[in-house]
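What follows is a set of notes on a single structure, which appears directly below.
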Amino acid sequence: MHLKIIATGGTIDKIYFDANSEFEIGEPLIGKVLQDGGAAFDYEIIPLMRRDSLDLTEEDRKLIRDTVMADGLRHVLITHGTDTMTETAAALGDVGERTVILTGALSPARFQITDAVFNVGLAVGAVQSKPPGVYIAMNGRIFDADKVHKNRERNCFEEI
């Protein structure tokens with residue numbers, strides 16, 4: 001398998017800066033997560049943007065879709081902020097014979113306690129086993145992209 005990974009930013013790549021007590025989005029960490037996990041497949045990481053998902057525009061979503069569709073690769077994983085992950089999934093529309101999995105984290109991958117590693121592993125398994133379509137891998141579950149939402153009060157994804 002050759003996996004195309006599109007990094008768009010979001011909490012998974014956030015860095016905490018003590019000087020200003022804010023989070024900023026850093027370099028994609030998914031390569032380190034895969035390397036540390038002993039990934040035994042080929043992948044390429046496309047660092048498309050470093051944005052909080054609340055700041056994504058329709059033009060950004062078009063760029064994400066164009067990048068997904070740019071070649072014939074069947075397996076695509078997108079790291080994305082959780083707040084508007086479902087909006088980007090909807091904007092992808094028909095992806096043909098591709099299996100596209102969006103994933104992210106509720107706490108930064110750089111933190112000692114994070115869901116990032118678990119979610120990335122789940123997404124890698126899903127991209128290999130699910131039929132063509134668009135899915136979201138979060139909280140130990142694979143959701144159809146059009147049947148899920150983020151419950152901000154419970155800080156998790158739920159089927160709708």
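The values are calculated or read from the model by the stated rules, or taken from the named source; none is laboratory data. The model shown is predicted, which means the values in this text are computed figures rather than measured ones. Positions of Cβ are backbone-derived with ideal geometry, glycine not excepted, and every protein chain shown enters the neighbour counts.
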Pair list, Cβ < 7 Å and 6+ apart or interchain, from region 23-45 residues that are part of a strand (DSSP E or B) and surrounded by 11 or more Cβ atoms within 10 Å (Cβ to Cβ) to residues that are at pLDDT below 95 and among the β-branched types (Val, Ile, Thr): PHE23/ILE15; GLU24/ILE15
Any hit, region 75-95, residues being in contact (Cβ under 8 Å) with a residue 60 or more places away in the chain, surrounded by 13 or more Cβ atoms within 10 Å (Cβ to Cβ), of a type outside the set (S, T, N, Q) and farther than 15 Å from GLY10 by Cβ: yes
Residues being within 17 Å of THR103 (Cα to Cα), among the polar types (S, T, N, Q) and either over 12 Å from the mean Cα position of the chain (by Cα) or at pLDDT 95 or above (or both) - total across region 1-52: 1
Output for region 52-64, where each listed residue is basic (Lys, Arg) and surrounded by fewer than 17 Cβ atoms within 10 Å (Cβ to Cβ): LYS62
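Any residue that is within 25 Å of ALA40 (Cβ to Cβ) and either surrounded by fewer than 18 Cβ atoms within 10 Å (Cβ to Cβ) or modelled with pLDDT of 95 or more (or both) - is there at least one of those in region 145-160? Let's see the steps before the verdict.
In the first step, residues of region 145-160 are kept if they are within 25 Å of ALA40 (Cβ to Cβ); the result is none.
No, because not a single residue in region 145-160 is within 25 Å of ALA40 (Cβ to Cβ) and either surrounded by fewer than 18 Cβ atoms within 10 Å (Cβ to Cβ) or modelled with pLDDT of 95 or more (or both).
Name the single residue, out of those in region 1-22 being aliphatic (A, V, I, L, M) and over 23 Å from HIS75 (Cα atoms), that is surrounded by the most Cβ atoms within 10 Å (Cβ to Cβ). Write out each step before concluding.
Here is the first cut: in region 1-22, the ones aliphatic (A, V, I, L, M) are 1, 3, 5-7, 12, 15, 19.
Narrowing the set further to residues that are over 23 Å from HIS75 (Cα atoms) leaves 15, 19.
Details: ILE15: 13, ALA19: 5.
Per the stated criteria, the residue is ILE15.
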Counted residues, region 96-118 - those being touching a strand residue (DSSP E or B) at 6+ places or on another chain (Cβ under 7 Å), surrounded by 19 or more Cβ atoms within 10 Å (Cβ to Cβ) and closer than 16 Å to ILE15 by Cα: 2
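Mind counting the residues in region 118-160 that are aromatic (Phe, Trp, Tyr) and closer than 17 Å to GLY37 by Cα?
Going through region 118-160, the residues aromatic (Phe, Trp, Tyr) turn out to be 118, 135, 143, 157.
Filter again for closer than 17 Å to GLY37 by Cα, leaving 118.
Summing the residues that are aromatic (Phe, Trp, Tyr) and closer than 17 Å to GLY37 by Cα in region 118-160 gives 1.
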